[in-house]
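To keep things clear, I will list the structure first and then write my remarks on it.
The values are calculated or read from the model by the stated rules, or taken from the named source; none is laboratory data. Since we're looking at a predicted model, the values are computed, not measured. FYI the Cβ positions are ideal-geometry reconstructions off the backbone, even for glycines, and counts take in every protein chain you see. We work out accessible area using only protein heavy atoms, side chains counted, and drop any ligands, DNA or RNA first. Shrake-Rupley method; radii C 1.70, N 1.55, O 1.52, S 1.80 Å.
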Amino acid sequence: MKRILIVGAGGQIGSELTRNLRDIYGDNNVVCSDLRQLTGPIYERGPIERIDSTQIMQIVDVVKKYNIDTIYNLAAILSATAELNPMLGWNVGIGSLVNCLEVARIFNCAVFTPSSIGAFGPSTPRDMTPQDTIQRPATIYGVTKVTGELLSDYYFTRFGVDTRSVRFPGLISNLTLPGGGTTDYAVEIYYAAVKGEKFVCPLKKGTFMDMMYMPDALDAMINIMEADPSKFIHRNSFNVTAMSFDPEIIYNAIKKYVPDFEMVYEPEPIKQAIADSWPNSLDDSCARKEWGWNPKYDLDKMTVDMLTTLREKKEKGLL
Ligand code: NAD
Ligand code: AKB
């Protein structure tokens, strides 16, 4: 049985990954940690530790204490927030990664660190972006992601550390709100629809980006770490996607079920510039071939599930 440490477990992904990993590997085999205090039923099912992942000894102590063999490194500052404070974006993204890799090298752990569509830039082919292509991002977030991909491959080839990763698109979920990303609008639009509010869209009509529903993202993170590595040609990092849309398409998908829903456009310059530098759609055929990536949710299936779940939360007074 794996002994797993999640670093940065308090965020949009970590809150759901903690639950799913504990369902599979057992509550006491999954240690969740974050800089912030973790409270609530999902976290309290098993061990909780406070780790600032920019401090290597804090990771070392927990890895030794629980005999950890697998690290999910989720600590980062997302694209729009990092653009407002580039040094913070670099220090957290790279500090956490380097520390996790060093600890993994010394204590023989596997490491998963998500990359992003943010690892691409304006000179990358925009449509059906290939697995292996130009990566010259125009954001500090993207610079940390490309660095992370290279460092993770280096630790594998140089030291044999079992590093694996996917390039996530925007993730849509309904448990924990996203924090500071460019794709956050695609989550916020569902909350507005269910609350009966007019949605103010921070991106222009025609701004296409890849997206994915959280259940598929969780499967990606768990399946890639379980995959037979003898089939890998790539490691850090695989393109994965489930759908591509612009604000108008997701608005109309929601309007089908919420006919009086209204949206206006008020583009935010930083988010718009970031989104304009990212691909419209990814080619994820290498992930499909090398470890069986196969998402289950398209836009309509995700929309029905998001609206149902958020309406239930609203009825319980949780929205
Ligand atoms: P998030 O911002 O919701 O969560 C990040 C967590 O890291 C937070 O709980 C925060 O408290 C924690 N953290 C920050 N600094 C820390 C530190 N020094 N030590 C320990 N913890 C610290 O982010 P997320 O959406 O859950 O993303 C997780 C990872 O997935 C990041 O690497 C992100 O770049 C990547 N990713 C996310 C998306 C997405 O749409 N959510 C898409 C692509 C890639
Ligand atoms: C962001 O918008 O910063 C993230 C991402 C796609 O990496 N959601």
Of the convex hull drawn through the C-alpha atoms of the chain, the volume per residue in Å³ is 121 Å³
proj_area_mean for the range 97-138 (convex hull on C-alpha atoms), units nm², value 3.8 nm²
Karplus-derived 3J(HN,Hα) from phi for the range 246-263 (6.51 cos²θ - 1.76 cosθ + 1.60, θ = phi - 60°), whole Hz, x at Gly and Pro, runs 10, x, 5, 5, 5, 4, 5, 5, 6, 4, 4, 9, 10, x, 8, 5, 10, 9
Debye calc, one equal point scatterer per Cα of the range 158-311, no solvent, log10 I(q)/I(0) at q = 0.14 1/Å comes to -0.71
Averaged per residue, the 1.4 Å probe accessible area of the chain, protein heavy atoms only, in Å², is roughly 42 Å²
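On a full-extension model of 0.36 nm per residue, what is the gain between GLU262 and LYS65, subtracting their alpha-carbon distance, rounded to one decimal in nm? Mind showing how you got there, number by number?
Numbers: separation 197, 0.36 × 197 = 70.92 nm, distance 5.22 nm.
Result for the pair: 65.7 nm of gain on full extension.
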Zone reached by a paramagnetic label modelled 7 Å from GLU197 Cα along Cα→Cβ, restricted to the range 249-275 with backbone N below 18 Å, covers 251, 254-255, 258, 260-268
Along the dipole axis of the range 169-225 (charges at Cβ: +1 for Lys and Arg, -1 for Asp and Glu; origin at the Cα centre), the most positive-end residue among PRO215, TYR191, GLY179 is TYR191
Under the 7 Å Cα-to-Cβ spin-label approximation, ILE270 and LYS316 lie apart by a distance in nanometres of 3.4 nm
If amide H atoms are modeled at 1.01 Å from N in the peptide plane, then the residues at a separation of 5 or more from ALA9, or on another chain, having amide H under 5 Å from its own are SER33, ASP34
Around GLU248 (Cβ within 14 Å, Cβ-to-Cβ, excluding GLU248; K/R +1, D/E -1) the net charge comes to +2
Straight-line reach check, LYS289, cutoff 24 Å on alpha carbons, 8 or more apart in-chain or any other chain, hits among lysines -> LYS145, LYS231
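Please report, in whole Å³, the volume per residue of the convex hull around the C-alpha atoms of the range 119-246.
Expressed per residue, the convex hull around the Cα atoms of the range 119-246 is 128 Å³.
So how do 127-137, 69-79 stack up, highest first, on mean other-Cβ count within 10 Å?
Averaged packing, sorted descending, gives the order 69-79, 127-137.
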Expected sort for 290-303, 211-224 on mean C-beta neighbours within 10 Å, highest first, is 211-224, 290-303
Rounded to a whole %, the carbon-and-sulfur portion of the accessible area of the chain at a 1.4 Å probe is 52 percent
Restricted to the chain, the DSSP antiparallel beta bridge percent, nearest 5, is 10 percent
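Please grab the % of Cα pairs in the range 224-310 that end up more than 20 Å from each other.
For the range 224-310, the fraction of Cα-Cα distances above 20 Å is 55 percent.
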As straight-line cross-link partners of LYS316, the qualifying lysines (C-alpha separation under 17 Å, not fewer than 8 residues apart within one chain) are LYS195
If the chain between ILE249 and MET87 were fully extended at 0.36 nm per residue, the gain over the current Cα-Cα distance would be 54.8 nm
Burial-style ranking of 95-101, 147-153, average other-beta-carbon count within 10 Å with highest first, yields 95-101, 147-153
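As a check on your grasp of the helix formula, calculate [θ] at 222 nm for the chain: sum -39500 (n - 2.57) over DSSP H runs of n ≥ 4, divide by the residue count, round to the nearest 500.
-14000 deg cm²/dmol, from helical runs alone.
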